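A quick write-up on the structure given underneath.
The values are calculated or read from the model by the stated rules, or taken from the named source; none is laboratory data. Because the structure is predicted, anything quoted here is derived from the model rather than measured. Cβ coordinates were reconstructed from backbone atoms using ideal geometry, including for glycine residues, and neighbour counts include every protein chain displayed. Calculation scope for accessible area: heavy atoms of the full protein, side chains included, ligands and nucleic acids excluded. Shrake-Rupley method; radii C 1.70, N 1.55, O 1.52, S 1.80 Å.
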Amino acid sequence: MILAADVAGYSRLVAADEEGTLATLGAYFEIVSGLVAEHAGRIFGAAGDSMVAEFQSAVQAVRAAVAIQRTLQRRNADLAPERRMELRIGLNLGDVVVEGSNLLGDGVNVAARLQQVAQPADICISAALHDQIEGKLEFPTKRLGEQSLKNIPRPVLVYSVGWREDPVGPNRPGIPLALPDKPSIAVLPFVNMSGDREQDHFADGLTEDITTALSLYRWFFVIARNSSFAYKGRALDAKQIGRELGVRYLVEGSVRRSGSHVRVTGQLIEAETGIHLWAQRYDRELADIFVIQDELTQHVVAAIEPEILIGENRRALLRGTDSLDAYECHMRGTLLHNAQDSAAQFAEAIEWQRRAIALDPDFARARMMLARSLYARCFFGFSEDIERDCRELQVEASRALSFEEHDPYTHYVMCLANFAAQRPHAAVSEAQRAVDLNPNFALAYMALGWSRIYIGRFAEALEPLYTALRLSPHDPLAYLFLNRIALAHYHLGNYEDALHHAERALSVRRTYFNLLVLIACLGQLDRVEEARRIVPEAVANAPADLPRYWRILTPYVDPAHHAHFNEGLLKAGLSIVP
């Protein structure tokens, strides 16, 4: 299977901005190379704005092409229209000859001509390849008819592949969620059967790691950990959970730990019918817990979609440390971080991560969670010294990234570090990288939408924010998603829509910034009396170091956008010191 690609309108782009075009081309081809490798392909030739790759599987070749177009579409949203770079992709099944580092033959020639037939940002495939994927993939194909291709003696029947996803809209309370167009799955909290509440963190950690492992499979739709944990301790049937989360499959299980032994059970359930599709019990030494996680994940994947692949370099991310003591400290800190209830809990969460790092200084996940907790402590106004916490946040985020540059979580925390340093353009890049690496990462989509707001791309901020909500419809952090949706609508001048989402955010959690967005919306709508009734609550909840806190929370690039937000507050009678 041969994939040929080139950049549409490359000469025009170079003529307009040679340096910028070459920089974008280099970044995009790095993305393409990673996606080709992820789908078990290899690049044979890249010259100028074109490349050729070979795959052993037709399914993987088409998936790679779709992943490339979807990723570049998301990247292009952050570029001015005249700078956007779109690929034309052709795919063919045919004979090839390997000659050194080159791929030659009729199969390559047809793929290259199909690429030339394709429109910008399109995928064209030959009938021979279409026959190989029919009924195996969810992407629609359209017959374009027989085409006379340059220097190809016979007409070739051509199909186009519909790779665009349906736009993600806002979740509406009370309306069932539609099933995604790919296998959808939620990992429910594993039950701690040890009879010791102190072991809850261990069961929760196993659940979280399996969720992370499944989410790395690009062609699954995996509900975020935070929404799945909303079902902890609740006795609900599979059909109801499937409807509420909008998924086809559920994974559930239990953990029993006794001394140096551990027993883990896992089941895969079809939510609509309640039928168990797969079940397994693992009786192992505690030291084998990471092996159990890997085996359980592989069994679930094989039961749903055997042809889905994950590269070994990304599977390695799932084993962050060889020290069980460091792992336990990390999971205890993570459990406290996710509670997000008080300054004392954040302080304890930070201390547990520091213990994990002391036990294993190379444990990138512990450094990542330390950075997250430091940022959250500042974000919620619990920090006694914002400057100190921000300095440590920068250090730990950078160290985590230096250990695991292919881990989406480390790019997410680098995004947070850039927020804290008032570098929203850099935050956009890190959030994009996190989403590239894990298209199921709800927090990364939230961060992408958030950072786009602060660089002034308000309309483009909405889709990743809606995607975050769909990936985690019952997230305790949903107030953050909703608040940012409200803020994007506010800056677009859609004050009624902004007010609606601001009210939904406050119904989840009444935080200081949520209150401010609501007050600004009411101010712009001339509902001043309503706004002024809320102002005292906002003033009472204001953090002690308000100027520094305000800079972290609103790192606008354009002062006019900052002034627009303040305008709504001032209309309501509230003045914030920038």
- In segment 350-371, which residues are small (Gly, Ala, Ser), open to solvent by less than 30 Å² (accessible area, probe 1.4 Å) and farther than 13 Å from Phe403 by Cα? Ala356, Ala371
- Item | Output for segment 195-233, where each listed residue is among the small types (Gly, Ala, Ser) and assigned to a helix (DSSP H, G or I) | Ala203, Gly205, Ala213, Ser215, Ser227, Ser228, Ala230
- Message: One residue is enough: does segment 257-266 have a residue meeting the conditions more than 10 Å from Phe190 (Cα to Cα), surrounded by fewer than 18 Cβ atoms within 10 Å (Cβ to Cβ) and touching a Leu at 6+ places or on another chain (Cβ under 6 Å)?
- Response: yes
- Task: Among residues belonging to segment 128-148 that are of a type in the set (A, V, I, L, M), open to solvent by 20 Å² or more (accessible area, probe 1.4 Å) and in contact with a strand residue (DSSP E or B) (Cβ under 8 Å, 6 or more places away or on another chain), point out the one that is farthest from Asp106 (Cα to Cα).
- Result: Leu144
- Could you list, in sequence order, all residues of segment 482-497 that are over 18 Å from Tyr556 (Cα atoms) and touching a Leu at 6+ places or on another chain (Cβ under 9 Å)? Leu482, Tyr495, Glu496
- Would you tally the residues in segment 499-514 being touching a residue at least 24 places away in the same chain (Cβ under 8 Å), crowded, with 23+ Cβ neighbours inside 10 Å and among the aliphatic types (A, V, I, L, M)? 1
- segment 1-20 residues that are at negative phi and in a strand (DSSP E or B), paired with ones that are charged (D, E, K, R) and surrounded by 14 or more Cβ atoms within 10 Å (Cβ to Cβ) (beta carbon under 7 Å, 6 or more apart): Ile2/Glu54; Ala5/Arg88; Asp6/Asp49; Asp6/Arg88; Val7/Asp49
- Some residue of segment 417-429 being without any contact (Cβ under 8 Å) to a residue 12 or more places away in the chain and of a type in the set (Ser, Thr, Tyr): yes
- Quick one: would you say Ala459 is of a type in the set (Gly, Ala, Ser) and either in contact with a Pro (Cβ under 9 Å, 6 or more places away or on another chain) or open to solvent by less than 20 Å² (accessible area, probe 1.4 Å) (or both)? no
- Within segment 479-491, track down each residue that is more than 15 Å from Tyr512 (Cβ to Cβ) and either open to solvent by 10 Å² or more (accessible area, probe 1.4 Å) or not in a helix (DSSP H, G or I) (or both). His489, His491
- Message: Condition first: open to solvent by 10 Å² or more (accessible area, probe 1.4 Å) and among the aliphatic types (A, V, I, L, M). Now tell me which residues in segment 59-82 satisfy that.
- Response: Ala77, Leu79, Ala80
- Query: Hey, any hits in segment 88-107 for a residue that's at pLDDT 90 or above and within 26 Å of the chain's Cα centre (by Cα)?
  - Reply: yes
- From the set of residues in segment 372-414 that are of a type in the set (A, V, I, L, M) and under 28 Å from Ala538 (Cβ atoms), which is surrounded by the fewest Cβ atoms within 10 Å (Cβ to Cβ)? Ala376
- Task: Quick one: in segment 528-578, of everything that is basic (Lys, Arg) and under 20 Å from Ala502 (Cα atoms), which residue is surrounded by the most Cβ atoms within 10 Å (Cβ to Cβ)?
- Result: Lys571
- Message: Suppose we keep only residues that are crowded, with 20+ Cβ neighbours inside 10 Å and under 28 Å from the mean Cα position of the chain (by Cα) within segment 7-23. Which one would you say is farthest from Leu87 (Cα to Cα)?
- Response: Thr21
- Message: All but one of (1) touching a Ser or Thr at 6+ places or on another chain (Cβ under 6 Å); (2) closer than 25 Å to Gly34 by Cβ hold for His474; state the number of the condition that does not hold.
- Response: (2)
- Task: Only one of these is buried (at least 20 other Cβ atoms within 10 Å of the Cβ) and touching a residue at least 12 places away in the same chain (Cβ under 8 Å): Ala53, Ala37. Name it.
- Result: Ala53
- Message: Considering only residues that are of a type outside the set (Phe, Trp, Tyr) and under 17 Å from Asn483 (Cβ atoms), which ones fall in segment 544-561?
- Response: Ile552, Leu553, Thr554, Pro555, His561
- Which residues, taken from segment 331-345, are touching a residue at least 60 places away in the same chain (Cβ under 8 Å), closer than 18 Å to Phe363 by Cβ and within 23 Å of the chain's Cα centre (by Cα)? Met331, Thr334, Leu335
- Conditions (1) farther than 22 Å from Phe382 by Cα; (2) under 26 Å from the mean Cα position of the chain (by Cα) -> His561 fails only (2)
